[in-house]
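What follows is calculated from the coordinates using simple rules that are stated; it is not laboratory data. Since we're looking at a predicted model, the values are computed, not measured. As a convention, Cβ positions derive from the backbone with ideal geometry for all residues, glycine included, and neighbour counts pool all protein chains shown.
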């Protein structure tokens, strides 16, 4: 909810969808199991510690799917573990953000995402 509030405050369009875990996110990205497919371009904020499918498994899954492999993923997590950081960058994550580094405000995250979305040319 804090991320959604910060995105709204920064004027990000409400073109985002929230998934509760990796399996639900895959259903949304693929348009499976009754979910409407999320259109490209896609930018994902991913937590490593999710139920049913963790963030590492999610990254492996999208990398192996030709239709999803160009999805931009930023990891937003509580884990400050160096092995997690190396693993997600090895799976082509665009960035690794530790929640505690953001403090109580997600405004900096929202600004970074807004600027990334505005400046970087993503595949359609």
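I want to check the label-to-label distance for residue 49 and residue 10. Put each point 7 Å from Cα in the C-beta direction and report it in nm to one decimal. That separation, rounded to one decimal, is 2.4 nm. For segment 1-91, just say rounded, prolate or oblate: build the C-alpha gyration tensor, square-root its eigenvalues into a ≥ b ≥ c, call rounded for a/c under 1.5, and beyond that prolate if a/b exceeds b/c, oblate if not. Oblate.
Taking a ≥ b ≥ c as the square roots of the eigenvalues of the alpha-carbon gyration tensor, segment 60-124 is classed oblate because a/c is 1.5 or more while a/b is no larger than b/c.
The calculated FRET efficiency for residue 99 paired with residue 63, based on their beta-carbon distance and R0 = 25 Å, is about 0.55. Quick check for you: which residues of segment 39-70 have the amide N under 13 Å from the point 7 Å beyond the Cα of residue 112 toward its beta carbon? It comes to 45-46, nothing else.
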